[in-house]
Every structure is written in C-alpha cells, then in structure tokens.
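Reading through the structure tokens given below for one structure.
The numbers here are math on the coordinates, done by the rules we state, and not lab data. Just so you know, these numbers come straight off a predicted model, no measurement behind them. Cβ: placed from backbone, ideal geometry, glycine included. Neighbour counts: every protein chain shown.
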Amino acid sequence: MYSKDEASQIQQAFWTAFGQYISPQLSADGLKVNWVNYKTGIKHLYFKMEADKRFATIGIVITHSDIGIQELFFEQFKELKAMFGSYLNEDWIWALHDKDEYGKIISRIYLQLDNVNIYNRNDWPQLISFFKPRIIALDEFWSMAQYSFESLK
C-alpha cells in the first residue's frame with residue numbers, strides 16, 4: 001500500500017513518461033500538442049486518460065453543469081458516430097448522464113482496459129500501448145469533427 005504522496009509521485013512519473021514518449025507525435029493538423037492535457041478548444045469538453053490500480057480509461061468527457069446542454073453535445077457526437085467509428089475502429093461505451101468519481105453528472109464516450117495497475121511499472125508498456133493509438137485517433141477524429149460543435153461553444 002502506498003501513502004497518498006507516494007501514489008501521487010508514481011502517477012506523476014507515469015504521466016511524465018507517457019508525455020515524453022508521445023511528445024514527438026504531431027497532431028493531425030501538424031501541430032505540437034500536449035497529449036496528456038489535450039485541449040479540445042471547447043469549454044466543458046475534454047479528452048481524458050485515467051489510470052488507477054484496477055483499470056485505465058480513455059474517452060471524451062462532457063462536464064457541462066446544464067444537463068440539457070450535455071445532451072446537445074452528446075447528440076452531436078451521436079450524429080458523428082459513424083465518423084468516430086471510422087477513426088477508432090472499435091466499440092466504445094456511450095454513456096449519457098453517467099456519474100464521475102465525485103457524484104457529478106457527466107456524459108462520456110469511453111473505452112476501458114481492465115486488469116492494469118498504474119502503480120505496477122510492469123503494466124506501464126500496456127498502458128502506453130492502450131493510450132497512445134487512441135489519443136492519436138481521437139485527435140484525428142477531432143481535427144474533422146470539431147467544426148460540428150462551433151454552435152455549442
């Protein structure tokens with residue numbers, strides 16, 4: 001068992017290593033990007049990668065406090081589901097009005113990898129192999145899809 005401080009240091013070490021590993025990769029638009037803290041350019045809309053001692057997730061998270069606006073964002077993503085699938089090539093979970101770890105209502109489109117542990121350095125290659133191609137594919141999708149969200153900014 002790790003102290004809170006030790007756990008934080010291990011997480012930071014992983015995300016730093018991941019960031020250094022993926023940093024040479026340019027965005028679909030040919031720009032340098034902070035992959036670990038990806039900016040969509042739209043408030044309350046995030047591409048998140050998370051890992052803990054049981055699983056890892058990557059996804060699109062809609063955090064707007066207005067449930068109706070969350071639904072508008074989610075519906076817009078549903079309109080783009082075929083395009084999303086063409087970039088990601090796998091079935092993701094589409095969850096309207098899910099709850100985050102704090103009980104706040106969010107909506108998200110995500111994929112989960114079970115039985116990995118960020119605190120086990122032996123799992124880091126598997127985590128990197130999970131996150132890297134998917135965050136790149138999300139960026140490629142977003143390069144084309146972001147214009148569909150202009151009216152929701």
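How far is helix 4-22 tilted off the main Cα axis of the chain, in degrees rounded to 10, range 0 to 90? For helix 4-22, the angle is close to 60 degrees. Close amide H partners of residue 106, meaning residues 5 or more places away or on another chain with modelled amide H under 5 Å apart, are 98, 99, 100. Candidate cross-link partners of residue 43 among the aspartates and glutamates, defined by an alpha-carbon separation under 12 Å and a same-chain spacing of 8 or more, comprise 150. Using C-alpha pairs under 8 Å with a sequence gap of at least 6, the mean separation divided by the residue count of the chain gives a relative contact order of 26 percent. Sorted fewest first by neighbouring Cβ atoms within 10 angstrom, 134, 121 come out as 121, 134. Beyond 25 Å in Cα-Cα separation lie the following of the pairs 4/132; 53/104; 32/104: 4/132; 32/104.
Shape analysis of the chain yields a ratio of the Cα radius of gyration to the Kirkwood radius, Rg/Rh, of 0.96. For segment 1-105, GluC sites (Glu not before Pro) are listed when DSSP marks them as loop and at most 10 other Cβ atoms sit within 10 Å of their Cβ; the list is 90, 101. Compared with the direct C-alpha span, the chain from residue 146 to residue 37 gains 37.5 nm at full extension, assuming 0.36 nm per residue.
Longest segment of the chain with no chymotrypsin sites (Phe, Trp or Tyr not before Pro) in a DSSP loop having at most 12 other Cβ atoms within 10 Å? It would help to have the intermediate numbers written out before the result.
Values: sites that count: 2, 102.
That gives 3-101 as the longest site-free run.
Across segment 47-63, coupling constants 3J(HN,Hα) worked out from phi with the 6.51/-1.76/1.60 Karplus curve, θ = phi - 60°, read 9, 10, 10, 9, 8, 9, 7, 10, 7, 10, 9, 9, x, 9, 10, 10, 10 Hz, and Gly and Pro carry x.
Take the Cα pairs of segment 64-142, get the Kirkwood Rh, then feed it into Stokes-Einstein at 4 °C and 1.567 mPa s and tell me D in µm²/s.
Reported coefficient: 91 µm²/s.
Arranged from fewest to most other beta-carbon atoms within 10 Å of their beta carbon, 57, 16 become 16, 57.
GNM on the chain, alpha-carbon springs under 10 angstrom: the most fluctuating residue among 132, 99, 48 is 99. In plain terms, the residue of 64, 44, 97 with the fewest other Cβ atoms within 10 Å comes first and the most crowded comes last, giving 97, 44, 64.
The relative contact order of segment 57-132, computed from alpha carbon pairs under 8 Å that lie at least 6 residues apart in sequence, is 35 percent.
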